[in-house]
Amino acid sequence: MDVLQALRSAGVAVINRPKAIEAAVDKYLCLSRLRTAGLPVPRTLVCEDPDEAMEAFKALDGRALIKPLFGSEGRGILRPGSREEARNAIREISSSQGVFYLQEYIDHGGSDLRLLVIGGEVAASMRRKAPPGQWLTNIARGGTAEPLVADEALELLAIEAARAVGAEIAGVDILEEPGGAPRILEVNAIPGWRALSEVSGKDLALSVLDYASARAGERESEPAGALQP
């Protein structure tokens, strides 16, 4: 991050900017930015005390995911089925991490959405499906992907989410509640696009290169249509 910031200070165009990456990889900071921007996110409670973590589990009606503060590809996410399972998970986290990040579990029907935003526009979208009998949809965890034609409202939501963390290139994960209302789970500032390229039929690597090439000649101050922060 320090090297990236030094390059940016020297006028080099850096994509994504270090502050955007820092905001995206920290689940709490990312969700805070999304909520401050008025975007819909799941109920989430963060604390450091094990007893408070158990109270948070209770406040989420015992339907909660316990996530690592930093992580990707679904690794380390737990879904306790009872208070005893939650207590054991919290005890284990207490001895190693010390920060408890609990988020309400929303019945998503075994699927969620990934939209790739490049330069303030949605370049491609897909629906990810969990393997039979499972709930994690991550491709790295065995999930599958299918094409998605996102409507204007969904695309705008993804663009606003990327803007909230200041990411020019971002993978935005969105979950739909049983009634169809969207909830933004996270913004990935270092998104993979292999599965998305396959299902969309688009050369997304070329799209990223085209965008980076257009930005490469700019002095790094604030690019046109600057994203915040």
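The values are calculated or read from the model by the stated rules, or taken from the named source; none is laboratory data. None of the values given here were measured: they were computed from a predicted structure. FYI the Cβ positions are ideal-geometry reconstructions off the backbone, even for glycines, and counts take in every protein chain you see.
State the number of residues belonging to the stretch 55-85 that are assigned to a helix (DSSP H, G or I), at pLDDT below 85 and hydrophobic (A, V, I, L, M, F, W, C). Working first, answer last.
Initially, the stretch 55-85 is screened for residues assigned to a helix (DSSP H, G or I), giving 55-59, 83-85.
Now drop any that are not at pLDDT below 85, which leaves 85.
Among the residues that remain, those that are also hydrophobic (A, V, I, L, M, F, W, C) are: none.
Going through the stretch 55-85 one residue at a time, the tally reaches 0.
Only residues that are hydrophobic (A, V, I, L, M, F, W, C), in a helix (DSSP H, G or I) and out of contact with any Lys or Arg (no Cβ under 9 Å at 6 or more places or on another chain): list them for the stretch 10-23, please.
Listed by number, the residues that qualify are Ala20, Ile21.
In the set Ala140, Ala130, which member is on the phi < 0 side of the Ramachandran plot and either buried (at least 19 other Cβ atoms within 10 Å of the Cβ) or among the β-branched types (Val, Ile, Thr) (or both)?
On the way: Ala140 fails: either buried (at least 19 other Cβ atoms within 10 Å of the Cβ) or among the β-branched types (Val, Ile, Thr) (or both).
Among Ala140, Ala130, only Ala130 is on the phi < 0 side of the Ramachandran plot and either buried (at least 19 other Cβ atoms within 10 Å of the Cβ) or among the β-branched types (Val, Ile, Thr) (or both).
With the checklist (1) farther than 26 Å from Asp210 by Cβ; (2) surrounded by 14 or more Cβ atoms within 10 Å (Cβ to Cβ); (3) among the small types (Gly, Ala, Ser); (4) at pLDDT 85 or above in hand, flag the one item Gly38 doesn't pass.
(2)
Might you check whether a residue that is surrounded by fewer than 18 Cβ atoms within 10 Å (Cβ to Cβ) and touching a residue at least 60 places away in the same chain (Cβ under 8 Å) occurs anywhere in the stretch 54-61?
Checked against the condition, which is being surrounded by fewer than 18 Cβ atoms within 10 Å (Cβ to Cβ) and touching a residue at least 60 places away in the same chain (Cβ under 8 Å), the stretch 54-61 yields no hits at all.
Only helices (runs of 4 or more DSSP H) wholly contained in the stretch 106-225 count here; list those with 1 or more residues that are closer than 22 Å to Leu4 by Cα.
In the stretch 106-225, the matching helices (runs of 4 or more DSSP H) lie at 152-165, 204-216.
Only one of these is modelled with pLDDT of 90 or more, surrounded by fewer than 18 Cβ atoms within 10 Å (Cβ to Cβ) and not in a loop (DSSP other than H, G, I, E, B): Leu29, Leu7. Name it. Working first, answer last.
Details: Leu7 fails: modelled with pLDDT of 90 or more.
Result: Leu29 is the single residue among Leu29, Leu7 that is modelled with pLDDT of 90 or more, surrounded by fewer than 18 Cβ atoms within 10 Å (Cβ to Cβ) and not in a loop (DSSP other than H, G, I, E, B).
Restricting the search to the stretch 88-122, which residues are β-branched (Val, Ile, Thr) and either more than 24 Å from Gly133 (Cβ to Cβ) or modelled with pLDDT under 80 (or both)? Give the steps one after another, and end with the answer.
Taking the stretch 88-122 first, the residues β-branched (Val, Ile, Thr) are 90, 93, 99, 106, 117-118, 122.
Ile90, Ile93, Val99, Val117, Ile118, Val122 - these are the residues of the stretch 88-122 that are β-branched (Val, Ile, Thr) and either more than 24 Å from Gly133 (Cβ to Cβ) or modelled with pLDDT under 80 (or both).
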